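Encoded as structure tokens, the structure appears first; notes follow it.
The values are calculated or read from the model by the stated rules, or taken from the named source; none is laboratory data. Just so it is clear, the model here is predicted, and its values are computed rather than measured. Neighbour counts run over all protein chains shown; Cβ positions are idealised from the backbone, glycine included. Each accessible area value is taken on the protein alone, full model and side chains, heavy atoms only, with ligands, DNA and RNA left out. Shrake-Rupley method; radii C 1.70, N 1.55, O 1.52, S 1.80 Å.
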8 protein chains.
Amino acid sequence: MKKVAVLMGSESDLNCLQEGLKLLSDFKVAFHLEVVSAHRTPERLFEFSKTASAQGCQLILAAAGGSAHLPGMVAALTELPVIGIPVESKKLKGLDSLLSIVQMPKGVPVATVAIENSFNAALLAVQILALQDKKLHRKLRSFRKRQTASVKKMNQAVRAFSRAKKK
Amino acid sequence: MKKVAVLMGSESDLNCLQEGLKLLSDFKVAFHLEVVSAHRTPERLFEFSKTASAQGCQLILAAAGGSAHLPGMVAALTELPVIGIPVESKKLKGLDSLLSIVQMPKGVPVATVAIENSFNAALLAVQILALQDKKLHRKLRSFRKRQTASVKKMNQAVRAFSRAKKK
Amino acid sequence: MKKVAVLMGSESDLNCLQEGLKLLSDFKVAFHLEVVSAHRTPERLFEFSKTASAQGCQLILAAAGGSAHLPGMVAALTELPVIGIPVESKKLKGLDSLLSIVQMPKGVPVATVAIENSFNAALLAVQILALQDKKLHRKLRSFRKRQTASVKKMNQAVRAFSRAKKK
Amino acid sequence: MKKVAVLMGSESDLNCLQEGLKLLSDFKVAFHLEVVSAHRTPERLFEFSKTASAQGCQLILAAAGGSAHLPGMVAALTELPVIGIPVESKKLKGLDSLLSIVQMPKGVPVATVAIENSFNAALLAVQILALQDKKLHRKLRSFRKRQTASVKKMNQAVRAFSRAKKK
Amino acid sequence: MKKVAVLMGSESDLNCLQEGLKLLSDFKVAFHLEVVSAHRTPERLFEFSKTASAQGCQLILAAAGGSAHLPGMVAALTELPVIGIPVESKKLKGLDSLLSIVQMPKGVPVATVAIENSFNAALLAVQILALQDKKLHRKLRSFRKRQTASVKKMNQAVRAFSRAKKK
Amino acid sequence: MKKVAVLMGSESDLNCLQEGLKLLSDFKVAFHLEVVSAHRTPERLFEFSKTASAQGCQLILAAAGGSAHLPGMVAALTELPVIGIPVESKKLKGLDSLLSIVQMPKGVPVATVAIENSFNAALLAVQILALQDKKLHRKLRSFRKRQTASVKKMNQAVRAFSRAKKK
Amino acid sequence: MKKVAVLMGSESDLNCLQEGLKLLSDFKVAFHLEVVSAHRTPERLFEFSKTASAQGCQLILAAAGGSAHLPGMVAALTELPVIGIPVESKKLKGLDSLLSIVQMPKGVPVATVAIENSFNAALLAVQILALQDKKLHRKLRSFRKRQTASVKKMNQAVRAFSRAKKK
Amino acid sequence: MKKVAVLMGSESDLNCLQEGLKLLSDFKVAFHLEVVSAHRTPERLFEFSKTASAQGCQLILAAAGGSAHLPGMVAALTELPVIGIPVESKKLKGLDSLLSIVQMPKGVPVATVAIENSFNAALLAVQILALQDKKLHRKLRSFRKRQTASVKKMNQAVRAFSRAKKK
């Protein structure tokens, strides 16, 4: 298996994962992508989680919405770090998803990121992998520099806006 | 196994279950009581849930707090009806527990009762069992009558309070 | 009357009930469907609830939004199990409906499902009826297997998506 | 019956009603006080609400907590104005009680006051009755003046506090 | 002045008031309609509130959103009953408006109705006025009957829907 | 009048104001302290707010809880900057107070600080006054330095704790 | 630098700032406008905040959404008053932004205005600057008068609406 | 510096960190412990965060309450993974702390754990370090086994409770 596995509770969560998957690709971090439903495929959840480490996986990202049990149950079945991504629920805007993922009991943590922020989940994965991978760390550093630089471009746009207003 | 199983995520949930267990005893509904932690004993969760029906269990009550995955995961692993009891969490007063238990996705329902209301969970179990058990149904009917009558006693106390005030 | 009654507080709740009604039909569980408003037709609420059991009804599903008193008031007037479906309210997204339905006092439970999830309410009804109906239980088991299998199809789609991305 | 009826869902709500009852007594508004539980005594709820107007009652105050169906159900069964008092619930601090009482559907209003504020419910009753009762209106006006004056006393205490600090 | 005054914090609240104004018209209750902003026209707020009673006004409806001080400030300046209508705010969906209107301190009540439910505010006004107006009371009773009857029509639609499904 | 006025909606808010009043004293900013209730003394609210500026007042701090209309109404009646302090309400923990104070409509701002944080309200007042008062600005700078230094002391305590643990 | 600086966490916050910038222009208050991201450009955040006062800046407005650290971090690095504008977040409607900005600890206040209300942030800035600028104060007074007058126009529209309805 | 740094926003957060520090000690993971206040010592925050990686630090745990900017600002200033621990705030029970820490914008993630759950933050740190440390991984595995076994002991207590009840 790849070093990073990306799980989602339903095919419909794929949309929210796009930005994170792109970031992993940009960093050339290969990943295994799979729908594993805690509620509809609990056997697969068990099998996957129990064997992930032995198959070379180092990190698991899991996205889920509503009662959102997937990240926590994966975390209960592996010693690997699990990063949880709360998917927006239709009615409660992801507050239910967030609380269900982050409020884990003592002994089984899930590293939770912002609602629908798969980009940050992927970046957190890169930061963790970079602890043992100097090349990845260099890429990370350069990514952060580009990110800082992107604000300069914003300021060019903002200054243009200001000038236009004043005329 | 008994017809009703009562699971809790942690020994500390026992306190919240007392009223429900007493009601089951009052109705002479024998029950199996066990700590099954979705996060610390996921194997036992699987084993219990997959075999409960074959062993004669008809209904499962499950109490959990915080991220509260127990009721939903049991429900994912059995076709038996599962009644979920949200246990009050220290910080968020059980709102997290409630949302995590009730907001289950299509295909795996949990019959959720009020926060910490194990009494009602047990009573709901009795109502369901009474559908096939005339003796239990008679007891249920008589319980409801006593419950209605209990309000009369309250009114005696209230009238005494009123009279005392007026003097 | 049919074994299952499905009540709604207003004609406008019919939309939210569609998935649940379809599931009941798929399981060939006949149902009685009626608008009973706790606030606009309290007499009918009383009459219906008090006679439902004698007429052969075993389970009542009730959908309501906002202050959402219907499920709890039906439950107060019958010993039958009542399953409550919180309908999304326009302003508070169904959080008011959920709290009003689930936070019932000791002595009168409502088995509450997720906001607008009539599918799960109907499935819970099937699970309860299947306790006394082997044929229904077999259908339930086969439904759950199909549900598990549906995730496989999702994974085919996801793999196709992955391959497309890599090209 | 008296012009004002004060209902509560449970004997335990009596505590929260004390200030309101005292205010009614201070204004010499006689009242009928009764525990009427929407869930445990629905027949009494019906009987009371359907006959209140004919018996001379003009206003109904109803206090309830949690799912708090009492005020709304009384309002559904009478044309009299109903004032609802949300009682604090143990877990959700009365937010559930407030939403359940205030979010009534079109056609059946409940005049809702602040959580546990029976004083204001009683005062609102006095304001409504004073529309047809000049004597009561004079008392109301004088009550408001005393209330304004009470702030002067507060300011004496505050000035004493200021002086003490400065020494 | 008319017996009922309907105030709004801003012209934009007029939309939310439409249903209530129509109900008042249907009941032939004449009303005075005015924009009075607690924050932009505090002098007018004072002048209006202090003179309303002397000019023959008996009831004041006030709609406001966000910090929504209008109903409470009117209530502070008159002994007349004030009915508050929380207008939906863009960001917080009217929860801020609701809490600001309903959570009044001891001594100055506002009779609060559901978010944006001007219909119920107007109906509550009619219920209060009907205490002294037999003709209005008869209309109210007939309105309630029509309301109950409207559910019958809903059930005809629902039955038609059921039959169509079965074909 | 003093340059700064500190208003509170009720004598009971004095406790929450203590830290802020002490900070003003420490900075030798004299202040006028008064209970002005928006709901019980609206005339005084008007009189105070309309004359504050003419009497030499430059800034107004106002603390209130629950519906908390005081800061917003003062702001409606003066052009002076108004700083609002949400006081914790018994039931909703000050969330109602916060929303009511901060969610002011366009045209009448209230500078809102954290719930019960009168210290920060006073410090904000000092920061504003220091814009025109060099002596005050120097004191402010030295206050900030001491504040930074206080964290050093915390670290001495923390290191002592660490060492004690390791033994 | 100008007397007022307006910062935003991202170019996308510019939209929410439009009304505030227009108000500053209307009052002829020149401003410095810049994207400064607490998270992407922390060095610029430091540099800007540490030098703002020395460069003649008197007031800083800062808009940010989600975790919204910008206003609080600027406030930590300058003694100038900082006005915080919570920008609506996509999922939680700005409640997260509001709490993150307003709930500052003792010692570092942020003057917080309503969610997305840059108009009020700008107006608060004008109110503070007007304390030392008589010309600005006259403009402010005249702005408030026009604001009050604008409600009269609303009432003309409302009366036209009323008359149209009655025909 | 040690491989793990544990920061807190204030000395008062030390209490909430106890369980996490004990877990790190139990796993023999040395740690650097320091109070770094984002608001009171922003320079130290910068210095620490910018140099942590060069000094051999691999992971940073940061606890903060209320507006809780510490974890996010550290994350903005280092490429190391940052684990955030929301500390309970007095008024809003840590909901503000949680949202402020978890809702980070794209580009700067904070791995958030449950409110006050420093135990899980430390365990997550151990899980991440164990990816490169086989000895630590063995300890982790054995910790998880003991954790699973601890539930057995709970069940002995529960069975004893059951037996005692039945007598």
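Here are the numbers for the structure shown:
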item: 5 angstrom amide H check on residue C:94, placed H, neighbours 5+ away; result: C:89
item: Straight-distance crosslink candidates among aspartates and glutamates, where the alpha carbon sits under 12 Å from residue D:139 and sequence neighbours closer than 8 are dropped; result: D:26, E:79
item: Rg/Rg_ref, the protein assembly as shown, where Rg_ref = 2.2 N^0.38 Å and atoms are Cα; result: 0.92
item: Whole-Hz couplings from phi, Karplus 6.51/-1.76/1.60, listed for region A:76-90; x for Gly and Pro; result: 6, 10, 8, 8, 5, x, 10, 9, x, 10, x, 8, 4, 8, 5
item: Nearest 10 degrees, 0 to 90: helix H:42-52 Cα axis against chain H principal axis; result: 70 degrees
item: Centroid-to-centroid separation of region H:104-128 and region G:1-52 [C-alpha atoms, Å]; result: 32 Å
item: Spin-label pair residue E:135/residue D:145, simplified geometry with 7 Å Cα→Cβ offset, distance in nm; result: 3.7 nm
item: Prolate/oblate/rounded label for region H:20-60 (Cα gyration tensor, a/c 1.5); result: oblate
item: Table column - 3J(HN,Hα) (Hz), region G:147-152, Karplus curve with 6.51, -1.76, 1.60, x for Gly and Pro; result: 4, 4, 5, 4, 5, 4
item: Relative contact order (percent, whole number), region E:1-94, Cα cutoff 8 Å, 6+ residue spacing; result: 33 percent
item: Axis-nearest residue of G (beta carbon) for the G-onto-A rotation, whole Å; result: G:93, 5
item: Phi to ³J(HN,Hα) by Karplus 6.51 cos²θ - 1.76 cosθ + 1.60 over region B:153-163, Hz, x for Gly, Pro; result: 4, 4, 5, 5, 5, 5, 5, 4, 4, 4, 4
item: Helix-only CD estimate at 222 nm, as mean residue ellipticity for chain F, using -39500 (n - 2.57) per DSSP H run (n ≥ 4); result: -16000 deg cm²/dmol
item: Under 5 Å, built H, 5+ apart or other chain: amide partners of residue C:78; result: none
item: Measure of compaction for region A:100-151 (Cα Rg per 2.2 N^0.38 Å); result: 1.41
item: Surface per residue (accessible, 1.4 Å probe) for the protein assembly as shown, Å²; result: 36 Å²
item: Set of aspartates and glutamates near residue E:28 by C-alpha distance (under 17 Å), chain-local residues within fewer than 8 positions excluded; result: E:19, E:133
item: Efficiency of FRET from Cβ geometry, residue D:15 and residue B:25, R₀ 35 Å, rounded to 0.05; result: 0.70
item: Between 0 and 90°, nearest 10: helix C:14-26 axis offset from chain C longest Cα axis; result: 70 degrees
item: Out-of-range pairs (alpha-carbon distance over 22 Å; input C:145/E:165; B:90/D:93; A:134/H:2; C:153/G:90; G:90/H:90; F:22/G:134); result: C:145/E:165; C:153/G:90; G:90/H:90; F:22/G:134
item: Formal net charge of residues neighbouring residue G:51 (Cβ-Cβ distance under 13 Å; K, R +1; D, E -1); result: -2
item: Where labels lie 7 Å past Cα in the beta-carbon direction, separation of residue H:1 and residue B:3 in nm; result: 6.3 nm
item: Whole-number percent relative contact order across chain E, with pairs defined as alpha carbons under 8 Å at least 6 apart; result: 22 percent
item: All-pairs alpha carbon distance profile, region A:54-111, 10 Å steps from 0, percent; result: 27, 50, 19, 3
item: Between 0 and 90°, nearest 10: helix A:118-129 axis offset from chain A longest Cα axis; result: 80 degrees
item: Heavy-atom accessible area ranking, 1.4 Å probe, most first, across C:2, D:22, G:28, B:139; result: G:28, D:22, C:2, B:139
item: Accessible area (Å², 1.4 Å probe, nearest 10) - residue G:40; result: 40 Å²
item: Exercise: per-residue mean of other protein chain Cβ atoms within 10 Å, B:69-80; result: 6
item: Scaled radius of gyration (Cα, divided by 2.2 N^0.38 Å) that chain C gives; result: 1.18
item: Average partner coverage of H:41-54, which counts Cβ from other chains inside 10 Å; result: 3
item: 5 angstrom amide H check on residue D:33, placed H, neighbours 5+ away; result: D:6
item: Shielding score for F:123-132, defined as the mean number of other chain Cβ atoms within 10 Å; result: 6
